[in-house]
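Heads up: the structure comes next, in structure tokens.
What follows is calculated from the coordinates using simple rules that are stated; it is not laboratory data. Because the structure is predicted, anything quoted here is derived from the model rather than measured. Cβ coordinates were reconstructed from backbone atoms using ideal geometry, including for glycine residues, and neighbour counts include every protein chain displayed.
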């Protein structure tokens, strides 16, 4: 059946053809996309040098010993690549032993569609050998030609070896472009005038730190303007030496756009200033490189910002930021996130040769840098605050470093690391004193002297830069013949703290001062109240360093005010402008200068008089806005500390958390006059506030007994505690206090000031005070209703007196016959020849003359010799101020006289020869009392003998004043 055989033959041929085609498809399956894997690491390039990879990132070395057997294709930067057929040098292709395809003379690469069994060789050189072996190891490899590319059936290598690759353009002859012609297989390119293209310039490298498997690495990241470019990079790491010279750390070739450098604590350490530079090259032409681009400096460690700063003693708070550019580690065996921190201990180190005391205070001496994600080059941050200490000492500009102690950590990299310190220059600003003494005679902050004989309530000192002011009341304390005024009380306000010290509600020569806390800042103020000379000198110190000191007498009080440097150029009131220019001290409430004419002082005084009911004596501000005050610490080293500041700045050590730093302000109060801190008696809880009994000499313990018990080491604060005892005496009880005695009845009360006096004083109880004088001032009162009277804390008639510009014109001699020359002589003896005048005369300068002038005016107005010593307190306060100023600039000059100076301040009048001068004041002999041992105690009462009454009067007055009476004052009597 030949006809049927033909179809069968055709069908058989078709089946055989299909089977042959299927077999062909099976044979070329490895050429299909799913039939092979792609090896595309740029490290496999024959041009890549592996030696630098071994130094910086050995974990990235190519080792094909774990390669899965199978078909593979090579790609480098998305370009087809093939195994090289020539020997490759060691330490190339991202490995130590590169593997290449070895072709013998009889071998060739397979043609299209063909497959061949070939041999790959691994290059190696032994350490002791001088030549390499290009085929030390042999590996069988099958190669399939897929037309456009080759695929290779690869086996795992015997060790850390790696199969090499090279881009096809490097392996095959270049084909001609449209502008060239091919002749006999050789491509003749058309001539061109353009030079070879340079590799693209890398972007500016950026360096950041990162943690990889518990180790810290610096990552240098760079790039090129476009992708899919077969370029490599040459990366150089360097650091700045202490001499400021860059020294190379590593040099490597990379095919990716980053490089890693480990901070191992040995070759690269914390505190290094590191740079990374990068240049690019074409993989096809590695000899052509771009120019190098360098990164900004990367500081590997902790920095304190600002690195340098200039501040002033102005009370301001400044921010100090502590930043780490390195990730914070966690302890090796800790599971708590809170343990991931680096703890820093800060110290303030004075750069001066001499220890002048605390210059800079910090809000904390301890800072923890916690672990968090790095952002913008900052891996952790801590913030504290610092402030210049207002020391009220002319110590010039001083430099203080804020340094960090060596870090203690179990982490090798961090342990022992010392971050760089920051340098703070503190510029010295002036501070100043204002005096309002006796009549009163006022010396402004800038030294202008004038008299204010007016009565009423005045603004003595007000700051325009902060919430601080002092109001003062002056009552009539004139003589029998002339009107004059004296301070009888003050109210000082700083923020929410309002303190009153007042005797104006009583009668002249009868009233006792009351210290009251009108309002207290409960957010953390630092008000201190001290008593010196058994209560004759009372000081109220505020957080800013400003203070008001009252030297108390039976006629009233003399006031000394201190302005901190923060108020420089920011004061108004009767104390002047505090700007170094005394000529512009007369000013209006709006700050305008009052011209210097005859009525200038009267206009100035009138400008600062307060209307009735408007002062701090009568009304408390309705609202108080106070923010939480910053805590400050003394962070000086123990061995460098000169003294413990009086405002209790405390050091916070590692064993103490920052919260243990007790609240203190950025001011320092030094006092050379011994004092008893009685703050707790006024500012304690209301149920614990107590009042002192009147210090009556009939209840005083004989100080000679104290001398015996203390072995001549009696301290004033212990003596005063023995001499004073608690009392429940009613507020209305008053008594006549002996002149000059410091044993004043200072009633202590933390309740509201207004309720205390309004309840016990009537509007009419003040009228009898005027009967003391022959001179009767005429008070023209406003029409006051009962409602008006209830609006005042107590009725103060001087606030309602007619204000006239009448000038006082007293003349010599006084009604008792005292002449000007006699008064001058008496004042010189009482002031300049006093123990404080003799000891401190060289430092006092013109203040001695000012005190003598005040004394002469007082004698003229009062015609009373007991006023001769009223200005001595001015010399005491001024002497203390001058010693603190001069001790830093002229320590050698003061060295010889410092003992006598301190003795004069500790023991007024050298204890009048009736006691022993101890560290804390006079310890009187038996039969004598008072702070200066001037009171003779006996069965006839008490008699106070002053130096002016005897040494001056006996020696001189009889000659100068043959017809003048001499007065000896005592309790309950006087002798002429």
Given the Cα-Cα distance of residue 104 and residue 247 and 0.36 nm per residue of separation, how much length would full extension add, in nm? 46.6 nm
Students often check this: by mean Cβ neighbours within 10 Å, which of 587-600, 428-441, 459-472 ranks highest, and how do the rest follow? 428-441, 459-472, 587-600
Contour minus Cα-Cα distance for residue 204 and residue 287 (0.36 nm per residue): 27.7 nm
At R0 = 60 Å, FRET efficiency that the Cβ-Cβ distance of residue 89 and residue 319 yields, to 0.05: 0.55
So, R0 is 30 Å and r is the distance between the beta-carbons of residue 372 and residue 256; what FRET efficiency does that work out to, to 0.05? 0.60
Distance in nm between residue 308 and residue 296 label points, each 7 Å along Cα→Cβ, equals 2.0 nm
The FRET efficiency for residue 903 and residue 824, from their Cβ-Cβ distance with R0 = 41 Å and rounded to 0.05, is 0.90
Along the Cα→Cβ direction, 7 angstrom out, place labels at residue 160 and residue 266. What is the inter-label distance in nm? 1.7 nm
Extension gain from residue 680 to residue 213, taking 0.36 nm per residue of separation minus the Cα-Cα distance: 162.3 nm
In vacuo Debye sum over C-alpha of segment 329-471, base-10 log of normalised intensity I(q)/I(0) at q = 0.09, 0.10, 0.19 Å⁻¹, listed in q order, is -0.53, -0.60, -1.16
Cβ density ranking, 10 Å radius, fewest first, applied to 148, 850 yields 148, 850
Prolate/oblate/rounded call for segment 29-173, Cα gyration tensor, a/c under 1.5 rounded: prolate
Quick check on the exposure proxy: order 862, 132, 454 from fewest to most C-beta atoms within 10 angstrom. 132, 454, 862
